[in-house]
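The next block holds one structure in the form of structure tokens; read it before the comments.
The values are calculated or read from the model by the stated rules, or taken from the named source; none is laboratory data. From a predicted model like this one, the values you see are computed outputs, not experimental measurements. Positions of Cβ are backbone-derived with ideal geometry, glycine not excepted, and every protein chain shown enters the neighbour counts.
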Amino acid sequence: MIAANDHALDFLDWADRSPGIIALADESRALDYAGLRVRVMTWAARLGAMGIGPGDVAGVACDRSLDSVVAILAVLAAGAAYLPLDLGYPSTRLAQMVEDARPRAMLLRSTSATAELAGLGVAMFDIDAPATVEPLAAPVTVDASCAAYVLFTSGSTGRPKGAVLSRRALGHMVAWHLRHPRLAAPARTLQFATLGFDSSVRDLFATFATGGTLVLAGEADRRDPFRLLAMMREQRIERAFLPYVELRAIANAHAGGGPLPAALRDLMTGGEALAITPAIRRLFAELPDAVLYNEYGPTESCVFVTSKPLTGDPAAWPDRPDIGDPLDHVRLYVADDELRVLPDGSEGELLIGGESLADGYAHRPDLTAERFVQVRTGGEDDERVYRSGDRVRREADGRLVFLGRADDQVKIAGYRVELGEVEAALAAHPLVAEAAVVAPAGAEGRRLVAHVVARPGAPADSELLDALKRHLAERLPAFARPQRLVLHDRLPLTPNGKADRRRLEAESVVAHAPAAATLPEHATAEQRILAAWRELLELPSLRAEDNVFDHGADSLRVMAVLPRLQALGVEGLSATRVYEFPTARQQAQALAGHAATQPAPSPVRGAQQRDALARLRDRHRKTNG
């Protein structure tokens, strides 16, 4: 028996009803619902034989593949909660996640079981090992209050925090889809997000609850908006959730000649405030039957709590849509600094109540008590709510308008980053006396800039900066590392003696001449490429051998650099090649036909790198950033 109101294992119902329908696919493999059931229930039996069951947590550290989805479902079928572990994260961060979540097993390939992982003291479940048990006949019975998953987000103290979401919360989120006929229909659904990003929860469970097909985007497709559009078209993707930064990237790619994902009918976006750009309007004008949903919700409230469908003529859409109405199992309040609920027409902090809330943070009662509080919301009893830290305005008609953060949390490429966590990582270096991190906004989104005061006796600036970059790479995931490090003799202060962040933000915006103005008359391709990157990344000191992805490049900036290169007379460099050859020197060599055989370290690693090499091709000549 499956717990009441629990949609975590709805794929089992479809395995009975329509066993031959494809449930899960990637570029090279596919599993129908019957095959998915056999694999999931076999792995669940193996987990049970290891003593894993209700009340336990199991880490999923598989690479991006069908196996990672099978592993998640197997953990749930065994009655446990799953914990995504990204092996690309620094070992320090993985150790912190394991220490807080306390998984009793880790599902991964034996080839990934490094000495550092073995040192974490967690039992290893080799997904490639032959099965020696029979599949479970039925999933382990659990109560809806049991945990379904643990997802970690940035923490202001320098340590990530793991939100624990119950099966009940998951069930309510999925049930909302089932109550809406358009979203309850089976669909070929793109699985874009990493498993540690909360939209992946919706990708998996809403798709399997409706008998749809989940199609995993390959790593190279995730990195290149042109490739992603082509993949969505070739795979006939009908539904997708994309962070706003990726929505902008594919819209720009389409405007620059990328293919139209003609089957698309529902695209959900969130992660950052939505702005409807000309490229987004154009994309949806060519998809007249598609709906764009503007959604909002923190990890602590099971993916999303509001939804605003945008339909009709995209030319009539507002430039800044509101975040929509609360889901029917969610209650939203606007409160003042004393947590008193305010009437319509007021501005304040958004409080989230209802059935979607996390139980708290794994083994962090201090943080749980700080963010999950009891407030008087108008009823006889106080209500448990989550303090979102987001400032909103509730209009007279009840609409909510997102205004920004009330604290030092920012969104970088859709990821939550606490500036305090980055500052704490810097402060842990013995040569750092003071550090302040800011996130100035630009045309292509926010960038992290760290301002640092060194201790006496620190080495030369270039040596110190290199040491700090290595230090941060050992402690923070790539999205949370500053794109620029600025050294100061002393930080500017406010009258009350605190770092003057407004002044630091202003100083973080680099004034620079247009790229063309900095070039010699007969500039080489390398000089032209480097000039374009320096202008885009606002880094006059960027070197030809520097990895642009270590200095702030992302999918939006890759799309933005291509027209700059064309304006400088550089033709033929595709987004795929930028990812594969991440330095200006390598990009120039690639254009000349003698690219280095050993590219500099880039975000494209392992199987992702081999895939990109095998499928390297240009998908465009012109683009529109």
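Scanning the stretch 470-485 for residues that are surrounded by 16 or more Cβ atoms within 10 Å (Cβ to Cβ) and outside any loop (DSSP other than H, G, I, E, B) turns up HIS471, LEU472, ALA478, ALA480, ARG484, LEU485. Looking at the stretch 414-426 only, could you name the residues that are surrounded by fewer than 22 Cβ atoms within 10 Å (Cβ to Cβ), out of contact with any strand residue (DSSP E or B) (no Cβ under 6 Å at 6 or more places or on another chain) and either more than 24 Å from ALA560 (Cβ to Cβ) or among the small types (Gly, Ala, Ser) (or both)? Within the stretch 414-426, GLY420, ALA424 qualify.
The condition (being in contact (Cβ under 8 Å) with a residue 24 or more places away in the chain and in a strand (DSSP E or B)) is satisfied by just one residue among GLU421, GLU434: GLU434.
Once the stretch 5-53 is narrowed to residues that are of a type in the set (Lys, Arg) and either closer than 19 Å to ILE127 by Cα or modelled with pLDDT under 95 (or both), the residue that is surrounded by the fewest Cβ atoms within 10 Å (Cβ to Cβ) is ARG29. With respect to the conditions (1) closer than 23 Å to ALA8 by Cα; (2) crowded, with 20+ Cβ neighbours inside 10 Å; (3) not polar (S, T, N, Q), ARG104 lacks only one, and its number is (2).
Select from the stretch 105-117 the residues that are farther than 13 Å from ALA61 by Cα and either modelled with pLDDT of 95 or more or more than 26 Å from the chain's Cα centre (by Cα) (or both) and list them in ascending order. Don't jump to the end; show me each part of the working.
So in the stretch 105-117, the residues farther than 13 Å from ALA61 by Cα come out as 115-116.
The one that is farther than 13 Å from ALA61 by Cα and either modelled with pLDDT of 95 or more or more than 26 Å from the chain's Cα centre (by Cα) (or both): ALA115.
Looking only at the stretch 176-211, which residues are touching a helix residue (DSSP H, G or I) at 6+ places or on another chain (Cβ under 8 Å) and in a loop (DSSP other than H, G, I, E, B)? ALA187, PHE192, ALA193, THR194, LEU195, ASP198, THR210, GLY211 - these are the residues of the stretch 176-211 that are touching a helix residue (DSSP H, G or I) at 6+ places or on another chain (Cβ under 8 Å) and in a loop (DSSP other than H, G, I, E, B).
Among the listed residues PHE205, PHE241, identify the single one that is aromatic (Phe, Trp, Tyr) and touching a residue at least 60 places away in the same chain (Cβ under 8 Å).
Numbers: PHE241 fails: touching a residue at least 60 places away in the same chain (Cβ under 8 Å).
That would be PHE205, the only listed residue that is aromatic (Phe, Trp, Tyr) and touching a residue at least 60 places away in the same chain (Cβ under 8 Å).
Looking only at the stretch 276-286, decide whether some residue is in contact (Cβ under 8 Å) with a residue 24 or more places away in the chain, touching an Asp or Glu at 6+ places or on another chain (Cβ under 9 Å), among the aliphatic types (A, V, I, L, M) and under 28 Å from LEU195 (Cβ atoms). So far as the stretch 276-286 goes, no, none of its residues is in contact (Cβ under 8 Å) with a residue 24 or more places away in the chain, touching an Asp or Glu at 6+ places or on another chain (Cβ under 9 Å), among the aliphatic types (A, V, I, L, M) and under 28 Å from LEU195 (Cβ atoms).
Considering (1) of a type in the set (Val, Ile, Thr); (2) closer than 30 Å to ALA148 by Cα; (3) in contact (Cβ under 8 Å) with a residue 12 or more places away in the chain, the lone condition that VAL401 does not fulfil carries the number (2).
Condition check: in contact (Cβ under 8 Å) with a residue 24 or more places away in the chain, assigned to a helix (DSSP H, G or I) and surrounded by 19 or more Cβ atoms within 10 Å (Cβ to Cβ). Does LEU117 satisfy that? Explain how you work it out, then say what you get.
Numbers: in contact (Cβ under 8 Å) with a residue 24 or more places away in the chain: yes; assigned to a helix (DSSP H, G or I): yes; surrounded by 19 or more Cβ atoms within 10 Å (Cβ to Cβ): yes.
Judged against the criteria, LEU117 is a match.
The rows are residues; the columns are (1) farther than 20 Å from GLY414 by Cα; (2) part of a loop (DSSP other than H, G, I, E, B); (3) at pLDDT 95 or above.
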position: LEU274; (1), (2), (3): no, yes, no
position: LEU283; (1), (2), (3): yes, no, yes
position: ASP289; (1), (2), (3): yes, yes, yes
position: ASN294; (1), (2), (3): no, no, yes
position: GLU300; (1), (2), (3): no, no, yes
position: VAL303; (1), (2), (3): no, yes, yes
position: SER307; (1), (2), (3): no, no, yes
position: ALA315; (1), (2), (3): yes, no, yes
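If you take the residues in the stretch 243-263 that are of a type outside the set (Val, Ile, Thr) and crowded, with 24+ Cβ neighbours inside 10 Å, which one is nearest to the chain's Cα centre (by Cα)? Walk me through how you get there before you give the answer.
Within the stretch 243-263, the subset of a type outside the set (Val, Ile, Thr) is 243-244, 246-249, 251-263.
When the remaining residues are screened for being crowded, with 24+ Cβ neighbours inside 10 Å, the result is 247-249, 251-253, 258, 261.
Details: LEU247: 13, ARG248: 15, ALA249: 15, ALA251: 18, ASN252: 20, ALA253: 20, GLY258: 23, PRO261: 22 Å.
Looking at the filtered set, the residue picked out is LEU247.
Apart from one condition, VAL432 fits all of (1) touching a Ser or Thr at 6+ places or on another chain (Cβ under 6 Å); (2) under 21 Å from SER154 (Cβ atoms); the exception is (1). For VAL98, indicate whether it is in contact with a helix residue (DSSP H, G or I) (Cβ under 8 Å, 6 or more places away or on another chain) and either under 21 Å from ARG64 (Cα atoms) or touching a residue at least 40 places away in the same chain (Cβ under 8 Å) (or both). So VAL98 fails the test.
Do we have any residue at all in the stretch 289-296 that's of a type in the set (Asp, Glu) and closer than 22 Å to TYR149 by Cα?
Filtering the stretch 289-296 for residues of a type in the set (Asp, Glu) gives 289, 295.
Restricting the remaining residues to those that are closer than 22 Å to TYR149 by Cα gives 295.
Taking every residue of the stretch 289-296 in turn, at least one turns out to be of a type in the set (Asp, Glu) and closer than 22 Å to TYR149 by Cα.
ILE237 passes every criterion in (1) modelled with pLDDT under 95; (2) under 28 Å from SER301 (Cβ atoms); (3) part of a loop (DSSP other than H, G, I, E, B) apart from (1). I'd like to know if the stretch 359-368 contains one or more residues that are surrounded by 19 or more Cβ atoms within 10 Å (Cβ to Cβ), in contact with a Pro (Cβ under 7 Å, 6 or more places away or on another chain) and of a type in the set (Ser, Thr, Tyr). Looking through the stretch 359-368, none of the residues is surrounded by 19 or more Cβ atoms within 10 Å (Cβ to Cβ), in contact with a Pro (Cβ under 7 Å, 6 or more places away or on another chain) and of a type in the set (Ser, Thr, Tyr).
Quick one: is ARG168 of a type in the set (D, E, K, R) and either over 30 Å from LEU426 (Cβ atoms) or in contact with a Cys (Cβ under 7 Å, 6 or more places away or on another chain) (or both)?
On the way: of a type in the set (D, E, K, R): yes; either over 30 Å from LEU426 (Cβ atoms) or in contact with a Cys (Cβ under 7 Å, 6 or more places away or on another chain) (or both): yes.
Against the criterion (of a type in the set (D, E, K, R) and either over 30 Å from LEU426 (Cβ atoms) or in contact with a Cys (Cβ under 7 Å, 6 or more places away or on another chain) (or both)), ARG168 qualifies.
Condition check ((1) under 20 Å from LEU178 (Cβ atoms); (2) assigned by TED's automatic domain parsing to the domain that holds SER574; (3) within 23 Å of the chain's Cα centre (by Cα); (4) among the polar types (S, T, N, Q)) across all residues:
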position: ASP266; (1), (2), (3), (4): yes, no, yes, no
position: GLU286; (1), (2), (3), (4): no, no, no, no
position: CYS302; (1), (2), (3), (4): yes, no, yes, no
position: THR306; (1), (2), (3), (4): yes, no, yes, yes
position: ALA316; (1), (2), (3), (4): no, no, no, no
position: ASP322; (1), (2), (3), (4): no, no, yes, no
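Each residue in the stretch 223-242 was checked for being over 22 Å from VAL291 (Cβ atoms) and surrounded by 24 or more Cβ atoms within 10 Å (Cβ to Cβ), and 4 pass.
Scan the stretch 380-396 residue by residue and report those that are among the charged types (D, E, K, R), over 20 Å from PHE304 (Cα atoms) and touching a residue at least 40 places away in the same chain (Cβ under 8 Å).
In the first step, residues of the stretch 380-396 are kept if they are among the charged types (D, E, K, R); the result is 380-384, 387, 390-391, 393-395.
With over 20 Å from PHE304 (Cα atoms) added as a condition, the list becomes 380-382, 395.
Once the filter is applied, which keeps residues that are among the charged types (D, E, K, R), over 20 Å from PHE304 (Cα atoms) and touching a residue at least 40 places away in the same chain (Cβ under 8 Å), the stretch 380-396 yields only GLU395.
Residues in the stretch 427-464 that are within 23 Å of GLU545 (Cα to Cα) and surrounded by fewer than 18 Cβ atoms within 10 Å (Cβ to Cβ) were compared, and the one that is modelled with the lowest pLDDT is ALA460.
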